[in-house]
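The values are calculated or read from the model by the stated rules, or taken from the named source; none is laboratory data. Every value quoted in this text rests on a predicted model; they were computed, and no experiment measured them. Glycine gets a Cβ as well: all are built from the backbone with ideal geometry, and neighbour counts include every protein chain shown.
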Amino acid sequence: MYKILKKEIMNEAVIMMEVDAPYVAARCEAGQFVIVRLGEDGERIPLTIADFDREKNSVTIIFQVVGYSTEQYAKLEEGDAFDDFVGPLGQPAPFGKWNRVLGVAGGVGSAPLYPQLKKLSEMGVECDVIIGGRSAEFVILAEKFAKFCKNVYIMTDDGTLGEQGLVTKKIQELLDAGEKYDHCIAIGPLVMMKFVVATTKPADLHTTVSLNPIMIDGTGMCGGCRVTVGGETKFACVDGPDFDGFLVDFDECMKRQTFYKEEEHACRMRNAAN
Amino acid sequence: MANMSPTKVPMPQQDPDIRNKNFDEVATGYTAEMAMEEASRCINCKNKPCMTGCPVNVPIPGFIEKVAAGDFEAAYEIITSENALPAICGRVCPQENQCEGKCIRGIKGEAVSIGRLERFVADYHMQNGKKQELNIEKNGKRVAVVGSGPAGITCAGELAKKGYDVTIFEALHKAGGVLSYGIPEFRLPKSLVAKELENVTDMGVKIETNVVIGRSLTVDDLFERGFNAVFLGTGAGLPNFLRIPGENLLGVYSANEFLTRVNLMKGYKKDAVPTPVKVGKKVAVVGAGNVATDAARTAKRLGAEEVYIVYRRGAEEVPARAEEVEHAKEEGVIFKLLNNPVAIHGEDGWVKGIEVVEQQLGEPDASGRRRPEPIEGSNYVIDVETVVIAIGQSPNPLIRQTTEGLETQKWGGIIVEEETNETTRKNVYAGGDVVTGAATVILAMGAGKKAAKAIDESLKEM
């Protein structure tokens with residue numbers, strides 16, 4: 001059992017939990033993920049690692065309530081426990097020799113981006129971050145990024161915080177203003193990452209994206225998480241989750257994400273009825 | 001006097017039209033009377049050829065004699081002196097190529113049904129046997145076993161019996177490896193797997209789930225934590241794909257994913273569990289091994305109306321157990337042999353059909369099987385909504401990528417010493433599918449046993 005040490009509700013749809021997980025905490029690196037499971041017949045859900053504390057043996061996850069299982073997780077309180085919490089899975093984020101990096105986060109994508117930029121800044125890399133959200137409450141971790149990022153740009157769809165507009169608008173502005181970055185790391189909804197790449201590619205600003213496709217085991221066994229990168233099939237769980245954004249077939253990723261749309265809908269309906 | 005009936009006592013089983021709609025076990029098992037009658041067909045011949053066909057050397061005529069005499073507990077003792085998982089082997093071993101394939105009764109008629117008798121004895125013991133008090137003297141030495149499938153369980157059990165302190169590390173949330181995630185309930189009930197695992201934990205073996213060796217811990221970490229030897233029984237878990245157009249369409253599963261959703265994640269309970277599985281009305285399973293027949297029969301049980309096995313070679317080359325092929329056909333699975341898939345067609349991102357080209361058999365290839373060659377212009381499309389790829393698995397790369405000095409074959413299999421199953425790393429042993437590539441439960445068990453013996457011989461000196 002993996003005990004929840006701390007729980008914080010970040011907004012109506014996003015929850016943070018710090019979980020006792022010694023194996024994961026001891027070895028995890030920025031960019032890796034865990035798979036959690038709750039209940040006798042619970043499904044296995046991959047969640048990115050938002051932070052970790054090697055001394056406390058704890059790992060922080062931040063997740064969005066999007067379906068049956070995450071709704072169940074949201075009901076857990078401090079002192080409750082997950083049945084399974086396995087990791088760290090995936091490859092650590094692939095860092096290059098960079099001096100200046102632009103991070104771009106959309107919604108809950110701030111969570112996996114945070115440990116990556118934190119690590120880079122510890123390595124002496126200058127980081128700027130653009131955080132996007134539907135409205136003010138969906139912009140998360142801004143204060144935490146502010147601790148080590150030189151510039152924190154906030155973009156909201158409705159203008160309730162920061163500037164109104166999409167993250168791509170800010171990227172374009174920065175590029176047009178002649179800002180130079182060695183690399184961009186974009187994590188958020190697939191459609192956001194697709195358009196970030198469409199913005200950074202013409203400027204030849206190399207961009208890493210983090211994929212979170214449907215998977216079961218997270219160790220290379222099911223092959224459900226296959227993605228096409230540079231014309232080759234890769235397994236996001238063992239080859240990723242971070243990939244060269246210029247090479248990812250986002251349209252295929254988006255299509256594959258809809259595999260169980262019907263079932264998810266039916267499941268939510270049943271859950272609502274119970 | 002031996003019972004000279006040329007045929008086996010028939011196995012009671014569920015009617016095909018009923019069983020292809022449920023996940024209960026297909027064969028319901030011999031009664032005591034049936035078992036005694038079948039056992040009396042063994043003529044207790046001098047050379048015991050059956051034993052030479054058994055990868056773990058079960059004293060077959062000895063246990064059969066006890067069954068014939070009605071002393072089932074004594075029979076159980078004899079089997080388990082060499083085989084820790086009789087309820088499993090009795091069900092999933094390819095007996096026709098092993099013990100039964102060598103039985104002299106098979107020359108004029110059918111072999112003695114050794115598999116069914118083994119199963120009967122194991123089931124009898126589970127229902128009626130008493131748990132034995134185990135008095136194992138611990139020797140203070142520690143062994144880590146990676147993977148809780150047949151190779152790992154066997155190795156762990158053998159070492160625990162000798163007094164070693166054994167911990168099994170399992171990556172998934174449930175122990176059993178392929179016995180849990182792969183082989184379906186109707187062929188191997190999971191309650192049996194749980195009981196066989198319990199026998200191992202009763203001997204003091206600890207099982208730690210949710211630990212991925214190569215990620216959560218490395219092989220080197222295990223030695224640092226005080227283990228004196230490591231056995232790698234991580235199987236062949238990485239699914240192979242065909243590398244044909246359309247494989248990433250929605251509706252294409254690896255057999256691993258399809259079966260894991262149904263078995264491990266209990267997708268067979270349909271609406272009662274949150275892990276979904278999509279089966280559609282028409283399904284093509286590519287490949288014809290046991291995994292393929294498992295997937296095809298599972299699809300049928302989940303409600304698919306038409307299920308095809310698409311295989312590029314001919315009937316003689318089909319690698320699945322004879323019984324599985326027969327059961328699959330009885331249940332309505334259609335075999336499309338000598339059909340090689342060349343593309344999966346889609347519409348709006350979803351599978352619509354699988355294009356195959358008919359084959360003819362040419363000269364034998366490197367595997368000794370006749371090489372299938374395409375008949376030009378014979379392409380046609382089978383309309384399906386789901387495609388399950390069951391063309392084999394390779395070893396998972398996580399351990400070889402994170403263990404220095406561990407040499408592997410080009411295709412990923414770990415290289416071991418023939419005699420001891422020791423790898424190129426000292427005190428690291430390996431066995432089962434991770435060494436041989438996807439094979440059988442019993443061969444993995446044999447390897448686990450061999451490694452346990454070698455580990456004991458090596459550690460006993462220290």
Select from region B:28-50 the residues that are surrounded by fewer than 18 Cβ atoms within 10 Å (Cβ to Cβ), in contact (Cβ under 8 Å) with a residue 40 or more places away in the chain and either of a type in the set (Ser, Thr, Tyr) or outside any loop (DSSP other than H, G, I, E, B) (or both) and list them in ascending order. B:Ala32, B:Pro49
Please go through (1) part of a strand (DSSP E or B); (2) closer than 24 Å to A:Thr60 by Cβ for A:Leu161 and return the number of the only condition it doesn't satisfy. (1)
Just a yes or no: is a residue in region B:399-420 of a type in the set (Lys, Arg) and assigned to a helix (DSSP H, G or I)? yes
Say we look at region B:81-97 and pick out the residues that are of a type in the set (D, E, K, R) and in a helix (DSSP H, G or I); which of these is nearest to B:Lys195 (Cα to Cα)? B:Arg91
From B:Ile414, B:Ile389, which residue is farther than 30 Å from B:Glu305 by Cα, modelled with pLDDT of 90 or more and surrounded by 15 or more Cβ atoms within 10 Å (Cβ to Cβ)? B:Ile414
Could you tell me whether B:Val273 is facing chain A (nearest Cβ under 9 Å) and of a type in the set (Val, Ile, Thr)? yes
As an exercise: evaluate B:Gly280 against (1) part of a loop (DSSP other than H, G, I, E, B); (2) more than 14 Å from every other protein chain (Cβ to nearest Cβ); (3) small (Gly, Ala, Ser) and give the number of the one condition it does not meet. (2)
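Does region A:105-119 include one or more residues that are buried (at least 21 other Cβ atoms within 10 Å of the Cβ), of a type in the set (S, T, N, Q) and within 19 Å of A:Asp217 (Cβ to Cβ)?
From region A:105-119, those buried (at least 21 other Cβ atoms within 10 Å of the Cβ) are A:105-117; that's our starting set.
After this cut, where a residue has to be of a type in the set (S, T, N, Q) as well, the list is A:110, A:116.
Now restrict to residues that are within 19 Å of A:Asp217 (Cβ to Cβ): none.
The answer is no, given that none of the residues of region A:105-119 is buried (at least 21 other Cβ atoms within 10 Å of the Cβ), of a type in the set (S, T, N, Q) and within 19 Å of A:Asp217 (Cβ to Cβ).
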When residues of region B:206-228 are limited to those that are surrounded by 19 or more Cβ atoms within 10 Å (Cβ to Cβ) and assigned to a strand (DSSP E or B), the one nearest to the other protein chains (Cβ to nearest Cβ): B:Leu217
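Could you pull out every one of the strands (runs of 3 or more DSSP E) wholly within region A:192-274 that has 2 or more residues that are away from chain B (no Cβ under 14 Å), buried (at least 22 other Cβ atoms within 10 Å of the Cβ) and touching a residue at least 60 places away in the same chain (Cβ under 8 Å)? Show your work before the answer.
On the way: elements: A:207-210, A:226-229, A:232-235, A:242-244.
It comes to A:207-210.
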In region B:111-128, is there at least one residue being in contact with a Leu (Cβ under 9 Å, 6 or more places away or on another chain), within 30 Å of B:Asn427 (Cβ to Cβ), modelled with pLDDT of 90 or more and not β-branched (Val, Ile, Thr)? no
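So that you can scan it fast, the table gives a plain yes or no per residue for (1) in contact (Cβ under 8 Å) with a residue 40 or more places away in the chain; (2) in the same structural domain as B:Ile382 (by TED's automatic domain parsing); (3) surrounded by fewer than 20 Cβ atoms within 10 Å (Cβ to Cβ); (4) not in a strand (DSSP E or B):
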site	(1), (2), (3), (4)
B:Ala288	yes, yes, no, yes
B:Arg297	yes, yes, no, yes
B:Lys300	yes, yes, no, yes
B:Ala304	yes, yes, no, yes
B:Tyr308	yes, yes, no, no
B:Ala320	no, yes, no, yes
B:Glu324	yes, yes, no, yes
B:Ala328	no, yes, no, yes
B:Phe335	yes, yes, yes, no
Could you check B:Phe241 against (1) within 14 Å of chain A (Cβ to nearest Cβ); (2) in contact with a strand residue (DSSP E or B) (Cβ under 7 Å, 6 or more places away or on another chain); (3) under 21 Å from B:Gly432 (Cα atoms); (4) not in a strand (DSSP E or B) and say which number it fails? (3)
Conditions (1) within 20 Å of A:Pro92 (Cβ to Cβ); (2) hydroxyl-bearing (Ser, Thr, Tyr); (3) out of contact with any strand residue (DSSP E or B) (no Cβ under 6 Å at 6 or more places or on another chain): number failed by A:Thr160: (1)
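So which residues in region B:375-398 are closer than 30 Å to B:Leu259 by Cα and either among the acidic types (Asp, Glu) or not in a loop (DSSP other than H, G, I, E, B) (or both)? Please lay out each step first, then the result.
Restricting attention to region B:375-398, the residues satisfying the condition of being closer than 30 Å to B:Leu259 by Cα are B:379-398.
Within region B:375-398, B:Tyr380, B:Val381, B:Ile382, B:Asp383, B:Glu385, B:Thr386, B:Val387, B:Val388, B:Ile389, B:Gln393, B:Ser394, B:Leu398 qualify.
Return the residues of region B:404-436 that are among the β-branched types (Val, Ile, Thr) and under 24 Å from the mean Cα position of the chain (by Cα); say none if nothing qualifies. Give the derivation first.
Within region B:404-436, the first condition is being among the β-branched types (Val, Ile, Thr), and the residues that meet it are B:408, B:414-416, B:420, B:423-424, B:428, B:434-436.
Across region B:404-436, the qualifying residues are B:Thr408, B:Ile414, B:Ile415, B:Val416, B:Thr420, B:Thr423, B:Val428, B:Val434, B:Val435, B:Thr436.
Each row is one residue, and each column tells you yes or no for (1) outside the structural domain of B:Lys450 (by TED's automatic domain parsing); (2) assigned to a strand (DSSP E or B); (3) surrounded by 20 or more Cβ atoms within 10 Å (Cβ to Cβ); (4) touching a strand residue (DSSP E or B) at 6+ places or on another chain (Cβ under 7 Å).
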{"site": "B:Leu197", "(1), (2), (3), (4)": "no, no, yes, no"}
{"site": "B:Gly204", "(1), (2), (3), (4)": "no, no, no, no"}
{"site": "B:Val230", "(1), (2), (3), (4)": "no, yes, yes, yes"}
{"site": "B:Tyr253", "(1), (2), (3), (4)": "yes, yes, yes, yes"}
{"site": "B:Leu259", "(1), (2), (3), (4)": "yes, no, yes, no"}
{"site": "B:Asp271", "(1), (2), (3), (4)": "yes, no, no, no"}
Subset tally (residues that are more than 7 Å from chain A (Cβ to nearest Cβ) and modelled with pLDDT of 95 or more) for region B:248-270: 7
Checking B:Val145 against (1) buried (at least 23 other Cβ atoms within 10 Å of the Cβ); (2) over 23 Å from A:Met221 (Cβ atoms); (3) of a type outside the set (S, T, N, Q), which test does it fail? (2)
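Residue by residue, here is whether (1) within 10 Å of chain B (Cβ to nearest Cβ); (2) small (Gly, Ala, Ser); (3) in a loop (DSSP other than H, G, I, E, B) holds:
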residue	(1), (2), (3)
A:Lys3	no, no, no
A:Lys6	no, no, no
A:Met16	no, no, no
A:Val19	no, no, no
A:Val24	yes, no, no
A:Ala30	no, yes, yes
A:Glu40	yes, no, yes
A:Leu47	no, no, no
A:Phe52	no, no, no
Keeping to region A:24-59, report how many residues are more than 19 Å from A:Pro112 (Cα to Cα) and crowded, with 19+ Cβ neighbours inside 10 Å. 4
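Is one or more of the residues making up region A:167-175 modelled with pLDDT of 95 or more, part of a helix (DSSP H, G or I) and among the acidic types (Asp, Glu)? Reasoning before the result, please.
Here is the first cut: in region A:167-175, the ones modelled with pLDDT of 95 or more are A:167-175.
Narrowing further to those that are part of a helix (DSSP H, G or I): A:167-175.
Okay, now just the ones that are also among the acidic types (Asp, Glu), so A:173.
So far as region A:167-175 goes, yes, one or more of its residues are modelled with pLDDT of 95 or more, part of a helix (DSSP H, G or I) and among the acidic types (Asp, Glu).
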Condition first: in contact with a Gly (Cβ under 9 Å, 6 or more places away or on another chain), surrounded by 19 or more Cβ atoms within 10 Å (Cβ to Cβ) and under 13 Å from A:Gly188 (Cβ atoms). Now tell me which residues in region A:127-142 satisfy that. A:Val129, A:Ile130, A:Ile131, A:Gly132, A:Gly133, A:Phe138, A:Val139, A:Ile140
